[in-house]
Each structure stands twice: as structure tokens, then as C-alpha cells.
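Everything below concerns the one structure shown next.
What follows is calculated from the coordinates using simple rules that are stated; it is not laboratory data. No experiment lies behind these values; they were computed from the predicted model shown. No Cβ is skipped: glycine too gets one built from the backbone with ideal geometry, and neighbour counts run over all protein chains shown.
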Amino acid sequence: METSSWLISGGRDRTVGAPLNVPIVPSSNFLLQSSDPEGRSYARAHGTQSTDALEALLGPLDGGEALVFSSGMAAAAAVLHRVPFGGTIAIPLDPYHGVKHIAIEGEALNRWRVIRLDLADTNSWVAALETADLVWLESPANPLMTVADLPTICGAPRPTGTIVAVDSTFATPLLQRPLGLGADVVMHSATKFIGGHSDLMAGSITTSNSDLLEEFRSRRTITGGSIGALESFLTLRGARTLSLRLEQAQRSAQTLAERLLEHSEISTVRYPGLETHPTHSVAKTFMSGFGAMMSFDPTGPGERAGALCDSLKMVFHATSLGGVESTMERRAVIAGQEDIPPSLIRFSVGCEDVEDIWNDISQALDITKVTN
Ligand SMILES: *Cc1c(COP(=O)(O)O)cnc(C)c1O
């Protein structure tokens with residue numbers, strides 16, 4: 001079955017008389033039977049029927065079994081915190097800031113060692129497989145849109161016990177399948193494209209390693225990273241249209257990136273679908289599309305980028321991404337992002353008409369034009 005069909009038809013109860021949509025089950029506590037001590041007893045440990053349906057939908061998308069969490073960070077933390085005392089974690093130079101925070105904090109507490117590698121430097125990642133307990137990749141990465149050579153890194157031989165995890169949030173399960181390339185774990189912030197409507201927090205881990213799955217499940221139970229029933233329902237509801245939304249947004253993203261590249265008031269555009277992007281040729285080898293995320297720098301001082309975001313009339317000046325609505329944000333002003341180019345605007349392309357998005361960007365560029 002095509003992924004787009006699975007997104008619509010998967011995770012449903014097909015018994016006669018069953019509701020087509022698994023209902024929101026607001027219950028923490030479930031009836032027991034003494035002959036079945038493993039049965040569903042408590043939502044923190046076992047989720048609810050709403051959670052089951054979402055996990056049943058998400059697992060096959062990445063080619064494994066999925067566990068959903070209360071947020072992308074809860075899912076990421078479950079993976080990071082399995083690194084043994086005195087172990088080593090390899091992370092990108094600039095991973096998602098929450099991931100960086102956990103890694104650096106653990107190092108400061110002498111819990112583990114952190115090595116930070118350039119995502120584009122494939123050899124350094126392959127070398128890290130020899131020494132690291134956890135190799136944490138993020139691709140395409142936030143906000144320079146660097147694409148890592150996942151087939152080479154995930155497919156390279158590594159010692160037993162070394163875990164390769166990929167934060168695949170920007171790609172979604174539709175554009176790349178890291179487990180198929182040899183990764184052990186794929187993580188998504190379902191808050192973003194999978195949910196797609198900026199109305200929930202959710203995260204997921206998918207793996208085809210059953211020992212890891214059970215380890216993550218028990219970590220989720222103990223730390224309370226379990227997702228609520230309403231969020232499970234909303235995530236599933238949003239995921240039904242992921243393929244439609246992403247196709248539309250991605251098409252617009254390519255058009256907009258090309259136009260921005262030509263615009264005299266723009267100095268840099270970073271989109272993996274542009275031939276000018278440093279990792280375009282790598283992305284082409286294994287991604288089935290380049291996604292709906294990009295970043296660009298307007299000319300002039302850094303403040304112009306902030307002013308541009310404030311001047312938008314339809315696109316929203318907001319931090320998150322992956323929604324049906326287009327959003328933009330100047331990243332350098334965010335705490336912990338001081339290394340980011342001062343004029344960089346991260347742009348999450350939504351599902352509005354592409355000409356309306358373009359007109360909005362054009363008018364904001366006009367209004368903020370620096371005259372000298
Ligand atoms: C948002 C995001 C996260 C964290 O997910 P939350 O759902 O906000 O906890 C992790 N990685 C990437 C790439 C993200 O965009």
C-alpha cells in the first residue's frame with residue numbers, strides 16, 4: 001500500500017459496528033482480571049485505546065513499531081537517557097536546542113562525554129560509530145537545513161550496542177526512512193508536520209529492535225512521558241492528511257526558495273531542493289522530497305529580519321513549524337542560538353496559495369527595505 005493510503009486507512013478498528021475513528025478515551029484506570037496481570041491497567045504505563053490507534057498508524061510509516069510520547073522532547077529524552085554512565089554521545093554541532101541542552105547538561109554532570117560533529121562531515125560520523133554509545137543525527141537540520149549522508153552513516157558497520165538515532169522531524173516519514181537505511185531509532189516531534197495544525201504536543205520513537213522498544217516503553221512509563229488521550233486523537237486526526245499537506249507545502253517551498261534566491265533583497269537561501277545548497281546532492285541520493293522547511297537571510301542588518309517578520313500580514317510570525325499555516329521567525333534572537341547568522345529567518349511553508357505567500361513576503365521585504 002502507498003504510504004499516503006496507509007495514512008488514511010491505517011490504525012482503524014475494522015470490526016463491524018466499530019466507530020471509524022477511535023474515540024478519545026479519557027481514562028487513567030482500567031478494569032482488571034486476575035488471570036491477566038499483563039492487561040491494560042493504568043494509562044501512564046499502557047496508554048489508552050486512543051494511543052494504541054496512533055501507534056498502530058505511525059509504526060509502519062517508518063518500518064518499525066512506534067511509541068508515542070507527550071512531546072518530541074519526551075521522546076528524545078527517552079533515547080538520550082539510555083546512554084550508560086561514562087558513555088559517549090555524538091551529536092551535531094547545532095542540534096535541536098532541547099537535545100543539545102540534555103547532552104551538554106549530562107556532560108557537565110560527568111554523566112557522559114559529548115562529541116559534536118559537523119553534519120556534513122560524513123567521515124567524522126562514521127568514525128564516531130566506533131567510540132560512541134549513541135550517535136544522534138538530525139536531518140534535515142534546524143536551521144541551516146543541512147542534510148546528513150544517512151545512507152553512509154546509518155549503513156556503516158558499528159560495534160554491537162552502538163545506537164544510531166535520527167531526529168527525522170523535518171522530513172517526516174514520507175521523505176526519508178532512516179530505519180531502512182540502517183538506523184536503530186527514528187524520532188519525530190509529531191507536534192510539527194505529523195500533527196500539522198499547531199494544536200497539540202506529541203512525539204514518537206520508532207524502532208524495529210524489540211529490546212529497545214521495551215526499554216523505551218518502560219522509560220516512558222517511569223518518567224511519565226505518556227501522551228494524553230485528546231492529543232493522541234488530534235495527532236491521529238492530523239496525520240490523516242499529512243501526505244496532502246506536505247505535498248502542497250513542499251511544492252510551494254521549492255517555488256518560493258527559487259524566487260527568494262533571485263530576489264535582490266535576499267542574501268542567502270538555504271533549502272535542500274536548491275542546487276546551490278551545500279548538501280543538495282546528498283539529499284538527492286535518498287530523500288524522496290526536500291520538505292517544506294527553509295531559511296533565508298534578508299540583506300541589511302539583523303534587525304531587518306525581525307522587522308520583516310513583524311511586517312507579515314498573512315504568514316504568521318511564530319516559532320513552531322509544520323502547521324498548515326506558514327510561519328517565520330528570526331532565530332538568532334533565541335537564547336542558545338547566538339551562533340546562528342544574525343539575519344536568518346526560519347520559514348515553515350504552509351498550505352496557503354503560493355502566490356499569496358509570495359505576495360506577503362514581497363510586501364514585507366518592500367516595507368523593510370533599507371535605504372541609504
Ligand atoms: C520541535 C522539535 C523537537 C522537539 O519537539 P517538541 O514536540 O517541541 O518537544 C525536536 N527536534 C526537532 C527537529 C524539532 O523541530
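Odds and ends about this structure:
- Check: the range 216-372 dipole with +1 on Lys, Arg Cβ and -1 on Asp, Glu Cβ, in debye: 860 debye
- Considering only GLY300, SER210, SER343, the residue lying farthest towards the positive end of the dipole of the range 209-343 is SER210, judged by Cα position with unit charges set on Cβ.
- Shown is the FRET efficiency for ARG14 and GLU355, computed with R0 = 30 Å from the Cβ-Cβ distance and rounded to the nearest 0.05: 0.10.
- Bins of 5 Å, starting at 0 and running to the largest distance - Cα pair percent for the range 1-109: 2, 9, 14, 15, 15, 14, 12, 9, 5, 2, 1, 0
- Kirkwood-type hydrodynamic radius, the range 222-289: 15.0 Å, calculated from all non-identical alpha-carbon pairs.
- Stokes-Einstein translational diffusion, the range 101-200 - Kirkwood Rh over all Cα pairs, 1.306 mPa s, 10 °C, in µm²/s: 110 µm²/s
- Rounded Å value of the spacing that divides the Cα centres of the range 35-52 and the range 276-320: 42 Å
- Ordered by the count of other Cβ atoms within 10 Å of each Cβ, fewest first, THR368, THR169 give THR368, THR169.
- Magnitude of the charge dipole, the range 91-212, Cβ model with Lys/Arg +1 and Asp/Glu -1, debye to 20: 80 debye
- Relative intensity of the range 197-236 on a log10 scale, I(q)/I(0) at q = 0.17 Å⁻¹, equals -0.54, per a Debye sum over C-alpha point scatterers of equal strength in the absence of solvent.
- In this simple spin-label model, placing a label point 7 Å from the Cα along the Cα-to-Cβ direction at both SER288 and ARG116 gives a separation of 3.5 nm.
- Sites SER27 and THR319, calculated FRET efficiency, Cβ-Cβ separation with R0 51 Å, nearest 0.05: 0.95
- Helices in the chain, meaning DSSP H runs of at least 4 residues, each add -39500 (n - 2.57). Divided by all residues, the mean residue ellipticity at 222 nm is -11000 deg cm²/dmol.
- Distance distribution note for the chain: the fraction of Cα pairs above 35 angstrom is 26%.
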